[in-house]
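The values are calculated or read from the model by the stated rules, or taken from the named source; none is laboratory data. Keep in mind it's a predicted model, so treat the numbers as computed, not measured. Heads up, the Cβs are rebuilt from the backbone with ideal geometry, glycines too, and the neighbour counts pull from every protein chain shown. Accessible surface is based on the protein model in full, side chains and every heavy atom, while ligands, DNA and RNA are left aside. Shrake-Rupley method; radii C 1.70, N 1.55, O 1.52, S 1.80 Å.
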Amino acid sequence: MPSGQESIFPEYETETSQTSKLLRKFKEMPFVPIGMAGFAVLVGYGLYKLKHRGDMKMSLHLIHVRVAAQGFVVGALTCGVLYSMFREHMLKPK
């Protein structure tokens, strides 16, 4: 890049690792990793319980696991949006 030009996107051109970018995003939006972790835990639990599902059909069990995992993610994202709205509008000094 010529020295006389300024960068259009300076935050993307700095030398930062993927880990630091990930940690920065987690600090900006804390409910996203909570949703991801909850999704992983619910899917893991559903797969564990797949062995002990009784007489329930496999497809029905997998549908229940999917709905529970999606519900947790949507709930976490909704809480994150409400938290960010509260932080911007209620705690913002005038």
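Figures for the structure shown
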quantity: Lysines whose Cα lies under 25 Å from that of Lys57, excluding same-chain neighbours fewer than 8 positions away; calculated: Lys49
quantity: Within-12-Å neighbourhood charge of Ser84 [Cβ basis; K, R +1; D, E -1]; calculated: 0
quantity: The stretch 61-76 - phi-based ³J(HN,Hα) in whole Hz, Karplus 6.51/-1.76/1.60, Gly and Pro as x; calculated: 5, 5, 5, 5, 5, 4, 5, 5, 5, 5, x, 5, 5, 5, x, 5
quantity: Protein-only accessible surface order, largest first, of Met56, Met36, Met90 at 1.4 Å; calculated: Met90, Met36, Met56
quantity: Area accessible to solvent at His89, 1.4 Å probe radius, in Å²; calculated: 130 Å²
quantity: Estimated inter-spin distance, Met36 and Thr16, nm [label 7 Å along Cα→Cβ]; calculated: 1.5 nm
